[in-house]
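The values are calculated or read from the model by the stated rules, or taken from the named source; none is laboratory data. Treat the numbers as computed from the prediction; the structure is a model and nothing was measured. Ideal geometry is used to build each Cβ from the backbone, glycine not excepted, and the neighbour counts take in all protein chains shown. Calculation scope for accessible area: heavy atoms of the full protein, side chains included, ligands and nucleic acids excluded. Shrake-Rupley method; radii C 1.70, N 1.55, O 1.52, S 1.80 Å.
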Amino acid sequence: MSERDSAPSPPPLPHRLADPVPVVLGGTALWFLGFFVVLIVDRSNSTLLWTTLCGGLLGIIGYGVFYWQRRAARRGSRGAQQGLDDV
């Protein structure tokens, strides 16, 4: 037996550290907060304005895809990602 075979496996992450929802929603909220700050402070900087708006919208779309995959995994769909039902 080699050392690699006898090494214990690490314990699973606690639920609060394995759940990506707070990070995704927090990041999306920060993009929208940045959008409103740019809107108030420097409305003439259209590149920054559109970048922050698109960041927030992509965060919403990304959360929608994540939510859709999680529901499909809980439902037992064949095309769903595996391992999302316990998170």
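Protection proxy ranking of 7-13, 18-24, by the mean of other Cβ atoms within 10 Å over each peptide's residues and highest first, is 18-24, 7-13.
When Rg/Rh (Cα atoms, Kirkwood Rh) is calculated for this entry, the matching label among [x] 1.31; [y] 1.08; [z] 1.22 is [z]. Probing with 1.4 Å while keeping every protein chain in the model, the per residue accessible area of the chain equals 80 Å². Relative to the longest principal axis of the Cα atoms of the chain, the long axis of helix 46-75 lies at roughly 30 degrees. Note on Ala72 and Ala29: the extension gain reaches 12.9 nm, defined as 0.36 nm multiplied by sequence separation minus the Cα-Cα distance.
Think of each Lys and Arg Cβ as +1 and each Asp and Glu Cβ as -1; about the Cα centre, that makes the dipole of the range 1-80 roughly 440 debye.
The angle separating the long axis of helix 21-41 from the principal Cα axis of greatest extent in the chain is about 10 degrees.
If you roll a 1.4 Å probe over the chain with all protein chains in place, what percent of the accessible area is carbon or sulfur?
Details: 4520 of 7000 Å².
The C+S portion of the solvent-accessible surface of the chain is 65 percent.
Between Arg16 and Val65, full extension at 0.36 nm per residue minus the direct alpha carbon distance yields a gain of 15.6 nm.
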